[in-house]
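**Q** Let me give you the structure first, and then I'll get to my questions.
Every number here is computed from the coordinates shown, using simple stated rules; none is lab data. These numbers come from a predicted model, not from an experiment. Counting neighbours? That spans all protein chains shown, and the Cβs are built from the backbone with ideal geometry, glycine included.
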Amino acid sequence: MSSRRDFIRTVSAPVMVMPFLSESQIQTPVRFDVDGKVLRIALMGLGSYATRVAEAMRSCTRAKLTGIISGTPSKVADWKGKYNIAEKNCYNYESFDAIRNNPDIDAVYITTPNALHKEQAIRLARAGKHVICEKPMALNAIEGKEMIDACRKASVHLLVGYRLHFEAKTLEIIRMRNEGEFGQVLFFQGLSGFRIGNPSQWRLKKELAGGGAMMDIGIYSINGARYMIGEDPVWVTAQEVKTDPLKFGEGVDETITFQMGFPGGAIASCLSTYSMSNLDRFFLNGTKGFAELKPSTGYGPILGRTHKGELTQPHATHQTTQMDEMAAIILDGKKPMVPVDGEEGLKDLKIIDAIYKAVKTGQRIRIKLD
Ligand code: NAD
């Protein structure tokens, strides 16, 4: 008999923008094991997303922020006080290999610019720590494979920050699809974009971002097409449009439309852009019904409906759920409904490689993801 006791507890989730939700809707059921271990996490790269994750982790029950890695001493001082982090758990980019000797940190969450992910993940794996890495996992499939190999060799987990894989309305659509409620799925539309501001930011530098909108926001439509349709694509075609070649330099894509073909006959038609606002919509159509998520990938609340009516699953702060679920994956071997491992990240990188190749050649590019 297990000595562990499972409880369903309802906690109030801190919520970003949800003025029209009632109190009952912001009550989020969180399942946790009060006797179980907690995953102790260090955040690497204390920028805007790390701040969001740290704030969300205040409400976690199975994951705890215990360390930080930053190149900016003033941020370290600030975060130490704000999140009660011990001096011995603070590192910079030169010193963090020493994390191997730190028993207070189990995993490191990489939230630095895309081009740094690969090397940082490999160093962390060699230091024996589990790696959680932001999307895109790396700049291309070759890098992604190197990360997977390094983590496998070190026997540590490699997880990718796919927070929507734990989002309740998204999971309900996947459940409905698995039950056949949409019939044969034949079409997906993914619109992912925003108007990017400051032209000097790293997201517009190829050497740090690895590309443009596709690496940053288009990846949501790629990943979303796969989890909404429930298959991996076998071909892609793609077209690029650039209206501002000064802001979006060589190798930094502004707008790409792309299409993906799936083995079951479904087609996905997607848009990735840094030049249009309010683009955050997924639409799935089958022979028996449809599903729409709008917004589909923002921080929430995600809103959605199907041919059966509005989706009413409660909103929970994505990063709180994600970090608790990732703790369960690492500590308990829990299998998520949609994978968040390195192989999942690698599939998206292979598709991105193929999309860029399709843009360059004008050809339909065949892909094999397994
Ligand atoms: P950001 O610019 O706000 O933060 C990046 C951090 O990395 C900063 O603290 C910066 O100081 C640090 N850094 C370390 N070395 C650097 C270098 N050589 N150049 C520039 N900065 C350096 O960026 P962000 O929005 O927090 O994005 C970080 C990562 O998180 C990206 O991979 C991005 O795609 C991802 N992200 C994911 C989500 C999501 O919803 N999953 C949302 C936003 C960002």
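**Q** Summing -39500 (n - 2.57) over the DSSP H runs of n ≥ 4 in the chain and dividing by its residue number, what mean residue ellipticity at 222 nm do you reach, to the nearest 500 deg cm²/dmol?
**A** That calculation yields -8500 deg cm²/dmol at 222 nm.
**Q** If you average the C-alpha positions of region 48-121 and of region 256-303 separately, how far apart do those two centres end up, in angstrom?
**A** The distance from the Cα centre of region 48-121 to that of region 256-303 comes to 33 Å.
**Q** Pop a pseudo-label 7 angstrom from the Cα along the beta-carbon direction at both Glu250 and Glu179 and give the gap in nm to one decimal.
**A** 5.5 nm
**Q** All other residues with a Cβ under 11 Å from the Cβ of Pro336 taken together, and with Lys, Arg as +1 and Asp, Glu as -1, what is their net charge?
**A** Counting the neighbours of Pro336, the net charge comes to -1.
**Q** Also: Order by neighbour count: Glu292, Glu207, fewest other Cβ atoms within 10 Å first, most last. Intermediate values should be presented prior to the final figure.
**A** Working: Glu292 18, Glu207 10.
So the residues, fewest neighbours to most, are Glu207, Glu292.
**Q** Answer rounded, prolate or oblate for the chain, using the Cα gyration tensor with square roots of eigenvalues a ≥ b ≥ c: rounded when a/c is under 1.5, else prolate when a/b is larger than b/c, else oblate.
**A** Since a/c reaches 1.5 but b/c is at least a/b, the shape of the chain is classed as oblate.
**Q** Report the local net charge at Glu146: Lys and Arg +1, Asp and Glu -1, summed over other residues whose C-beta lies under 13 Å from its C-beta.
**A** +3
**Q** For region 156-238, which trypsin sites (Lys or Arg not before Pro) are in a loop by DSSP, counting at most 12 other Cβ atoms within 10 Å? Before the final figure, lay out the partial values.
**A** Details: sites: Arg163, Lys169, Arg175, Arg177, Arg195, Arg203, Lys205, Lys206, Arg226; in loops: Arg195, Lys205.
In loop regions of region 156-238 (DSSP not H, G, I, E or B), the sparsely surrounded trypsin sites (Lys or Arg not before Pro) are Arg195.
**Q** Check every DSSP H run in the chain and write down those whose alpha carbon atoms cover 24 angstrom or more along the long axis and whose mean Kyte-Doolittle hydropathy is -0.5 or greater.
**A** Going by DSSP H runs, the hits are 342-361.
**Q** Next question. Given labels modelled 7 Å from the Cα in the Cβ direction, how far is it in nm from Trp202 to Asp104?
**A** Placing both labels 7 Å along Cα→Cβ, they lie 2.6 nm apart.
**Q** Hey, fewest Cβ within 10 Å first, where do Ser296, Ser275 land in order?
**A** With the fewest neighbours first, Ser296, Ser275 line up as Ser275, Ser296.
**Q** A further question on this structure: Can you compute the label reach from Thr257? Point 7 Å from Cα along the Cβ direction, backbone N cut-off under 20 Å, restricted to region 264-287.
**A** From region 264-287, the list is 266-285.
**Q** Relative to the present Cα-Cα distance, how much length would full extension add between Glu94 and Asp78 at 0.36 nm per residue of separation? Intermediate results must be reported in sequence, preceding the final value.
**A** Details: separation 16, 0.36 × 16 = 5.76 nm, distance 1.98 nm.
Full extension of this stretch gives 3.8 nm more.
**Q** Something else about it: Let me know the shape class of region 40-152, please: from the alpha-carbon gyration tensor, a ≥ b ≥ c as square roots of the eigenvalues, rounded when a/c is under 1.5, otherwise prolate if a/b is greater than b/c, or oblate.
**A** The shape class here is prolate.
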